[in-house]
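First the structure, in the form of structure tokens, and then the observations on it.
The values are calculated or read from the model by the stated rules, or taken from the named source; none is laboratory data. Computed from a predicted model, the values in this text were never measured in an experiment. Here the Cβ is made from the backbone with ideal geometry for all residues, glycine too, and neighbour counts use every protein chain on show. Keep in mind that these areas ignore ligands, DNA and RNA; they rest on the heavy atoms of the full protein, side chains included. Shrake-Rupley method; radii C 1.70, N 1.55, O 1.52, S 1.80 Å.
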Amino acid sequence: MNVIWLLLLSVSIVFAVCTGNLEAFTKSIFEGAKSAVEISLFLLGIVSIWMGITRILEDSGLIYRIAHLFKPVISRLFKNIPGDHPSISAITLNVLANLFGLGNAATPLGIKAMQELDTLNEDKETITFEMMIFIVINTASIQLIPFSVIGILASYNAKNPAAIVLPVLIATVVSAISALIVLFSFRKVLK
Amino acid sequence: MIQYVNYLSLLIIPLFILFTILYGTFKKVRVYDSFIAGAKEGPGVILNIFPYLLTIFVAIKGFQASGAFDFIRNGFYHLFSFLDIPIEVISMAIIKPLSGSASTALFTDIVKTSGPDSMATKITAVIMGSAETTFYVLAVYLGAIGIKKTRYLVPVCLIADFIGIVVAVTAARFL
């Protein structure tokens, strides 16, 4: 991230100077700050809601039952999660929310999953392989029906907005699998 | 089929909440107090995430506004011109991992200017549906627990994004 951030900013500033976009650049920095505040406030609401709901899941013991139920599926990929650990439930709920395109639930549940995975982490500053698998799955954005895209297509009178469902599904599954292959081969090579 | 899935996805969250509070009550949990205790953690989590979001957003917005984005996009366009890919697709491929709102705005613009049934619209629609705002996901998930050393996660994500775009362009061709 260090390198990427350094590159993004320094390249941008050099370009802003060369192309005379200095004013726009300076303005955009503060716009970026503004949208960070806006998104954080939005997240504050939905994350708090899901923290409340997952606390009920914990207090009632349901989180362990869900973990027990989905352990056979989840532990195929996440090999180092012991027993009926709560992270299994959080991962399961996040994946389900993603599948059904429930972004407002998926992100908070994903945060919960990261917190639970962090309880298994010995070195808090360094990411674990389990966390990497989880993030890679999330960046592949597996969803059954891309509602928002279909909505935009429909509002501009596309002939058959739903036609994109199959190619999207194929693309998302193929890219998720290849992302995991890339991740696992990185681990193998760097070991 | 789509309506059915749409209805199902509208149903999931309310049903899940209902089941959770009923099960909690059945297990003698004071659900109201329990919810509040959990919700109290929200602000702390967001406080952790905020600096990560701010840092990446400032860089991304600056990148777009400085003209560097246009330059790189044109570079990629000429580099891959033999593949006959519309320039809108190149824009989308670069902007999608960086910014969710910008990619939605760009997509709406593409549908408007090149038509809802054009090749550019079809390809970008598949990218929109099958790719994720990688840098946002990284900022939020890593920020939430304060991870500093990400090992090889970022290169893996970038390679995966690139593969994802290639797959999306290929899949859209068969549309």
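Filter region A:81-95 for residues that are of a type outside the set (Gly, Ala, Ser) and under 20 Å from the mean Cα position of the chain (by Cα); which is farthest from A:Val47 (Cα to Cα)?
A:Ile81
So which residues in region A:101-154 are touching a residue at least 12 places away in the same chain (Cβ under 8 Å) and not in a helix (DSSP H, G or I), if there are any at all?
A:Gly101, A:Thr119, A:Leu120, A:Thr128, A:Ala140, A:Ser141, A:Ile142, A:Gln143, A:Leu144, A:Ile145, A:Pro146
What is the residue count in region B:30-54 for residues that are under 27 Å from A:Phe25 (Cα atoms), touching a residue at least 24 places away in the same chain (Cβ under 8 Å) and at the interface with another protein chain (Cβ under 7 Å from one of its Cβ atoms)?
Within region B:30-54, residues that are under 27 Å from A:Phe25 (Cα atoms), touching a residue at least 24 places away in the same chain (Cβ under 8 Å) and at the interface with another protein chain (Cβ under 7 Å from one of its Cβ atoms) number 3.
Could you list all residues from region B:155-172 that are touching a residue at least 12 places away in the same chain (Cβ under 8 Å) and under 18 Å from A:Leu166 (Cα atoms)?
The answer is B:Gly164, B:Ile165, B:Val167, B:Ala168, B:Val169, B:Ala171, B:Ala172.
Where residues in region A:155-170 are open to solvent by 30 Å² or more (accessible area, probe 1.4 Å) and not in a helix (DSSP H, G or I), which of them is farthest from the other protein chains (Cβ to nearest Cβ)?
Only one residue fits best here, namely A:Asn160.
Could you please give the count of residues in region B:136-161 that are surrounded by fewer than 24 Cβ atoms within 10 Å (Cβ to Cβ) and of a type in the set (Phe, Trp, Tyr)?
Looking only at that region, the number is 2.
Collect the residues in region B:81-103 that are open to solvent by 60 Å² or more (accessible area, probe 1.4 Å) and not acidic (Asp, Glu), keeping them in residue-number order.
B:Ser81, B:Phe82, B:Leu83, B:Ser101
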